[in-house]
Amino acid sequence: MTTTPLPTSTPSGAPPTERRLGLPRRTAAGLAVGGLALVTALTGFGPMNAQGSSHREAPLIAADPAVDNTDFYAMASPDTPGSILLVANFQPFEEPNGGPNFYPFATDAAYKINIDNDGDAKPDVVFRWTFKNQDKRGNDTFLYNNGPVTSLNDENLLFKQTYTLEVSQDGGRRYSQTIVRNAPVAPSFVGKASMPDYKKLRDQAIVKKGKVKAFAGQADDPFFADLRVFDLLYGGDLSEVGQDTLGGYNVNSIALQVPAEALALRGNVKRNPVAGLWSTTERNKVRISGNSKARLGNDTVQVSRLGNPLVNEVVLPAGLKDAFNGLRPDQDADVKEAVDRVTDPELPKLIEQIYKIPAPDAPRDDLAEIFLTGINKKLGGPIKVDLNSQVLNKDVNPKKFRASEMLRLNLANKHNTKPNRLGVLAGDTEGFPNGRRLGDDVVDIAIQAMEGAAQDGKLVDALATGDKVNANDARFERQFPFVALPNEDGVNVGSGHTTTVNRAAATTLGATGVSAITAASTTAILCAIAGFVAWFRRRPTSATLPARAGGHRR
């Protein structure tokens, strides 16, 4: 097949003969056995077998955070109709004050975003980022910077990184086109004394080339959730909810905005609107730990993989996590143990055990559509809508379609100016699981989907409030790269601390404006407190678990 060079494309091709695929009715039917042997074989590769993705959920990747993929997003670009925004984040739980070395990208790794537009579960278009260090500290200082940094070229910035972004049109065999070379990376945010105008530094790190925009640097972690879900599902009585566990932490972010046709099969979004996407990182198979001058070689192994959120975190058991992240999507269907965890998941059974809400019956063909095939009527699944499966592409050969885990996006999506955080479950078809936007509440969506909401269109009332973390703690930017500016204050500051995080107000007003507004606001608040005390005392201070109405899906 042929793919489209950036940033333009030429439509071509003819529709194939349509063929109904017989996957979801039993989903695992026809999948090869012997997957466990494949998993076992794969775990023998790679540096220290370090494989995993998402927020520290795979045991081995916890020792290699620089290449740990925390989240992956794909959506219609909010400011450029006809373009797609891709964001991949790495290095979980970056505490803002974690110097003096802070959080560089790895120089002996490749960071990739992969696109499968013909449904064979193999990448067709691959974007690859590689990084280099410029470290002037030597034996002179331990500091990241030795004075205020006002530009990316400031001599006071002693540690810098650059990256090269390349694209492959043949699945990663050759990288024949370089989009940018030696582009600057936005540095870690040391603090306001060191970087008094961080937004200026970030803006300088945005690279534009034709219709393509690229960025690499630090950002606020956009994932929002109360991760006390792992404490026997929110304390066993939904008492442990409402705390954004990721609030205040940063990540390393790469963002890319490209025309939709650059991702579409044969460059034709109208004929072939669906693409599958996932992010990976690769390291050298042989790696000397602690070698700061190491470079990426030709013999690499995949150590991190992320498509849909929460798959490796919640769907797969501990014994499969490391192996899964070393797998290619075209190998997924051969791993029966992994497929079975989708069609007969653990989470609904835990919810039934703890909250007495009956689990939907297996096999879960609705979850197979969400995670493995995309949502469409051609495959005969229970979700009766054509949305985001590659079999909807007119130039796809249905005989070559293969079930696999990846985030699927209808490239014809338009940016919704009034999005619903519950995405498709709330009737907002431009949100997760049709791609993933920064503001999609994937934890609440996943819990409801696991309980069968996508299958019958009804939310489970008893779990309707989810984890009570409904939005990110920092406001997203209105322009590329859209992720919020990185946090500056330590996560462990006391409740009485006056924050100096350069988020929404600082973005618009600067430090002086924020200080003035803070002073005025404080005076007004003090004057108003007395009048509000009585009102607050009369307000309900706790929420009870609503009673479930009606039966459950059996």
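The values are calculated or read from the model by the stated rules, or taken from the named source; none is laboratory data. Not measured: the values here are computed from a predicted model. Counting neighbours? That spans all protein chains shown, and the Cβs are built from the backbone with ideal geometry, glycine included. Just the protein is used for accessible areas: all its heavy atoms, side chains included, with ligands, DNA and RNA removed. Shrake-Rupley method; radii C 1.70, N 1.55, O 1.52, S 1.80 Å.
Between ASP68 and residues 5 or more places away or on another chain, which pairs have amide H atoms under 5 Å apart, with H built 1.01 Å from N, and which residues are they?
GLN91
If each of ASP154 and ASP135 carries a label point 7 Å out from its Cα toward its Cβ, how far apart are those two points in nm?
2.2 nm
Sorted by average packing, counted as other Cβ atoms within 10 angstrom per residue and highest first, what order do 255-262, 132-139, 326-333 take? Don't skip to the answer; put the middle values down first.
Numbers: 255-262: 23.8, 132-139: 11.4, 326-333: 20.8.
Highest mean packing first, the order is 255-262, 326-333, 132-139.
Of LEU316, ALA359, GLY248, which is farthest on the positive side of the dipole of segment 247-388, counting Cα position, with +1 on Lys and Arg Cβ, -1 on Asp and Glu Cβ, and the Cα centre as origin?
It is GLY248, whose Cα lies furthest towards the positive end.
Once fully extended, how much extra length lies between ALA412 and THR178, figured as 0.36 nm per residue of separation less the alpha-carbon to alpha-carbon distance?
Details: separation 234, 0.36 × 234 = 84.24 nm, distance 2.63 nm.
Stretched out fully, the ALA412 to THR178 stretch lengthens by 81.6 nm.
Mind grabbing the accessible area of GLU405 for me, 1.4 Å probe, Å², rounded to tens?
Probe radius 1.4 Å; accessible area of GLU405 about 10 Å².
Cross-link list LYS112/LYS192; LYS384/LYS468; LYS136/LYS293: which exceed 21 angstrom alpha carbon to alpha carbon?
On the way: LYS112/LYS192 32 Å; LYS384/LYS468 30 Å; LYS136/LYS293 13 Å.
Checking Cα-Cα distances, LYS112/LYS192; LYS384/LYS468 exceed 21 Å.
For segment 270-365, with all protein chains present and a 1.4 Å probe, just round the carbon and sulfur fraction of the accessible area to a whole percent. Don't skip to the end; give the middle numbers.
Values: 1900 of 3830 Å².
Carbon and sulfur together cover 50 percent of it.
Using the Cα atoms as the points, what is the convex hull volume per residue of segment 121-178 in Å³?
Values: hull volume 7.3 nm³, N = 58.
Cα-based convex hull of segment 121-178, divided per residue, equals 126 Å³.
Volume per residue, Å³, of the convex hull around the alpha-carbon atoms of segment 402-488? Before the final figure, lay out each step's value.
Details: hull volume 12.0 nm³, N = 87.
Here the figure is 138 Å³ per residue.
For the pairs LYS199/LYS321; LYS356/LYS399; LYS122/LYS209, note any where the Cα-Cα span goes beyond 31 Å. Please list the in-between numbers first.
Details: LYS199/LYS321 37 Å; LYS356/LYS399 43 Å; LYS122/LYS209 28 Å.
Beyond 31 Å: LYS199/LYS321; LYS356/LYS399.
First measure r as the distance between the Cβ atoms of ASP237 and THR429, then evaluate 1/(1 + (r/R0)^6) with R0 = 45 Å and state the FRET efficiency to the nearest 0.05. List each step's numbers first, then the result.
Numbers: r = 34 Å, r/R0 = 0.76.
Between ASP237 and THR429 the formula returns 0.85.
Evaluate 2.2 N^0.38 Å with N set to the residue count of segment 139-292, then give the Cα radius of gyration divided by it.
1.37
Give me the extension gain from LYS377 to LYS209: residue separation times 0.36 nm, minus the current Cα-Cα distance, reported in nm with one decimal. Could you put the intermediate results ahead of the total?
Working: separation 168, 0.36 × 168 = 60.48 nm, distance 3.91 nm.
Contour length minus Cα-Cα distance gives 56.6 nm.
So for segment 251-352, Kirkwood radius off the Cα pairs, Stokes-Einstein at 25 °C and 0.890 mPa s: how many µm² s⁻¹? Spell out each step's value before the answer.
On the way: Rh = 16.9 Å.
The Stokes-Einstein estimate is 145 µm²/s.
Starting from the Cα-Cα distance between ASN470 and LYS349, subtract it from 0.36 nm times their residue separation and give me the gain in nm to one decimal. Intermediate values should be presented prior to the final figure.
Working: separation 121, 0.36 × 121 = 43.56 nm, distance 2.46 nm.
Gain in length upon complete extension: 41.1 nm.
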